[in-house]
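Trainee: Pasting a structure below so you can have a look.
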Amino acid sequence: MKNHTGRGTDALLFPAAADSNSHMAPSTFYKVYYPARKAADREDLRWHDLRHTGAVLAVQTGVTFAELMGRLGHSTPGAAMRYQHAAADRDAEIARRLSALVSEPNGTVAE
């Protein structure tokens, strides 16, 4: 990131080539994105799916609700709630590991 973005917390990841403070035109981005989707045999992927994936991965790392809202630029909790399903999906695994802590010798978790 330090080699491909501007300095500062508000630096754009995909700036316009002529002005690092301006957003890239969608047509410029899609010239690369559409062929990449096709090469990955995932023409169903939308640009927003990448944002969603990043948010879900952040939730899985244990990010707090406030951190997630800040990272995604959400001003309301409702918008950030869309990504909390990632935490719910892990509930069964968390329960299994907690059970192992109290039932397995030395608290080991069988993989």
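Trainee: Might you let me know whether region 46-55 holds any residue that is farther than 18 Å from HIS4 by Cβ, touching a residue at least 24 places away in the same chain (Cβ under 8 Å) and part of a helix (DSSP H, G or I)?
Mentor: yes
Trainee: A follow-up question, please. Residues to consider are ALA92, ALA79; find the one that is surrounded by 13 or more Cβ atoms within 10 Å (Cβ to Cβ) and either farther than 23 Å from LYS2 by Cβ or not assigned by TED's automatic domain parsing to the domain that holds LYS2 (or both). Please lay out each step first, then the result.
Mentor: Details: ALA92 fails: surrounded by 13 or more Cβ atoms within 10 Å (Cβ to Cβ).
Only one candidate passes the filter, namely ALA79.
Trainee: Of all residues in region 71-102, how many are at pLDDT 80 or above and farther than 25 Å from ASP49 by Cα?
Mentor: Looking only at that region, the number is 8.
Trainee: For region 33-42, check the following and say yes or no: at least one residue is of a type in the set (Phe, Trp, Tyr), farther than 20 Å from LEU12 by Cα and not assigned by TED's automatic domain parsing to the domain that holds ALA11. Let's see the steps before the verdict.
Mentor: So in region 33-42, the residues of a type in the set (Phe, Trp, Tyr) come out as 33-34.
Filter once more, so that each one left must be farther than 20 Å from LEU12 by Cα: 34.
Narrowing further to those that are not assigned by TED's automatic domain parsing to the domain that holds ALA11: none.
For region 33-42, residues of a type in the set (Phe, Trp, Tyr), farther than 20 Å from LEU12 by Cα and not assigned by TED's automatic domain parsing to the domain that holds ALA11: absent.
The values are calculated or read from the model by the stated rules, or taken from the named source; none is laboratory data. Keep in mind the model is a prediction, meaning the values are calculated, not measured. Note that each Cβ is placed from the backbone with ideal geometry, even for glycine, and that neighbours are counted across all protein chains shown.
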